[in-house]
1. Check which residues have an amide H placed less than 5 Å from Val126's amide H, if you skip close sequence neighbours.
2. Counting other beta carbons within 10 Å of each Cβ, put Arg72, Arg99 in order, fewest first.
3. Where Lys and Arg each count +1 and Asp and Glu each count -1, what net charge lies around Met32 among other residues with Cβ under 15 Å from its Cβ?
4. Using alpha carbons only, what's the Rg to Rh ratio of the range 1-83 with Rh from Kirkwood?
Amino acid sequence: MESIDEKLSQLTSAYNKMANHVNGMDTNCENMWVKMKTMEQAMAYMMEQLECVTKHVSDLNVSMKLRDEEEREKAEANKNREAPRARVTNTVMENRCYRCDHSGHKSLDCPLKEQNKWFCYKCQSVQNHIAAKCPNHRYVDDNKN
């Protein structure tokens, strides 16, 4: 039979192996804990950066909306400033007859229509022709060589 010393030696050896193994596991756990803390710190830093970027994008969106609104208001103000002139011009143009060069009616309702007469802008008088076909003025055709 084995002696008590041999058994004690075997148990001590097994205990030492287990203690070394447990110490190694403790070291591994500590290393993992340090890595986990580092990862948590990195994640917190990234979250702070994400919040900063999100706020910056939000601020940019607000700035762009304000700028767009200002540009829209300026365009509307310019449109309103120019609109009266345009309306006056359109009113005059709408009531202008190009057949007799008088205002108050359009060429469809012109009294010269029944007489087949036109106001010649070259002759500056009512004629049987229009300015484009005026026999009293020579036209140079730019398309001919």
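All of the numbers you see were taken from the coordinates with simple rules; none came from a lab. Because the structure is a prediction, the values reported are computed rather than measured. Heads up, the Cβs are rebuilt from the backbone with ideal geometry, glycines too, and the neighbour counts pull from every protein chain shown.
1. Cys120
2. On the way: Arg72 10, Arg99 19.
Starting with the residue having the fewest Cβ neighbours, the order is Arg72, Arg99.
3. Working: positive: Lys35, Lys37; negative: Asp26, Glu30, Glu40.
It works out to a net charge of -1.
4. On the way: Rg = 35.4 Å, Rh = 19.8 Å.
Dividing the radius of gyration by the Kirkwood radius yields 1.79.
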